[in-house]
Each structure stands twice: as structure tokens, then as C-alpha cells.
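Q: Please find one structure pasted underneath; my questions will follow.
The values are calculated or read from the model by the stated rules, or taken from the named source; none is laboratory data. Predicted, not measured: the structure shown is a model, and the values here were computed from it. A quick note on method: Cβ atoms are made from the backbone with ideal geometry, for glycine too, and the neighbour counts reach across all protein chains shown.
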Amino acid sequence: MFPDASDGRVTEYAQVPIITSISPMSGPAGTIVTVNGSGLAGATLAFNGVAAVGVTSTGVRVIGTAPTNALGAADVTATTGLGTATRIGGFTYTSIAAAGPTLPVTGQDGRLLLLALLGVGLISAGVALVAGHGIS
């Protein structure tokens, strides 16, 4: 907003969108992402051209859920009626934990001794619940 020099009235000027930061900068599809900047009122959000879902925006912030996309760096765009701001490689898609088959190992009496869970992204998976019994 700027004062009008001739009569003291305040005039508000619309601003093209500008992206100043993105948080978080990486994660799997489904991550809620916040884009900060200015001129973002009414903005849409896209990742490599794919529209984000659940988008809300204010003049200084737009929040949306990262859609499904290829793994790796994605350009993030915020678009309003006045233009588009792009942060090249602004968000990096990472894989998510995906469990595969299990390999049970049983003892001679048929009781479960070991359960191997195969998959990707299972770092520090923690405790599992098998047939109502906790194991770790």
C-alpha cells in the first residue's frame, strides 16, 4: 500500500507472485508443502506442472499437498492472475516406505521365531504387530 501524493488516500497495488522459500524442501508425494513469498493471494500451486491438491493461499503463503510425481527434483510454481513464480528444483520427491512380502520362520513346534519384512525405505521400522502380538 502506498499513500497517494495528491490527497493522502492509500492505494493498494497488486503484485506479481514471488517465491522466497519452500518448506519442507523434500518428501514423498502427499507431503504438505508451504511456499512463502509475496503476491500469493489466490495462487494455485504445481509441481513439475502437476497441480497440488488442497491448496489454500494468502498474500504471503500458499499451502498444498504435493501430487504424485517422478522421484527427484521438481520445479514448484505458484500462479495468480498476474503471473507465475517458479522455483526450479524447489522440491525433491523421495521414496516412501513400501512393505513387500513377509518371510515367516517357524520352529519345530510351529511357533513363529522370526518374521522378515521386505521392502524399501524401512530404515528403523521399529515394532511390528503380528496377529495381535507385538514383536521388535
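Q: For region 13-34, give me each residue that is in contact with a Pro (Cβ under 9 Å, 6 or more places away or on another chain) and not in a strand (DSSP E or B).
A: Ala29, Gly30, Thr31
Q: Working carefully through the options Thr56, Thr92, Thr80, Thr44, find the one that is β-branched (Val, Ile, Thr), under 21 Å from Thr20 (Cα atoms), crowded, with 18+ Cβ neighbours inside 10 Å and modelled with pLDDT of 95 or more.
A: It is Thr80.
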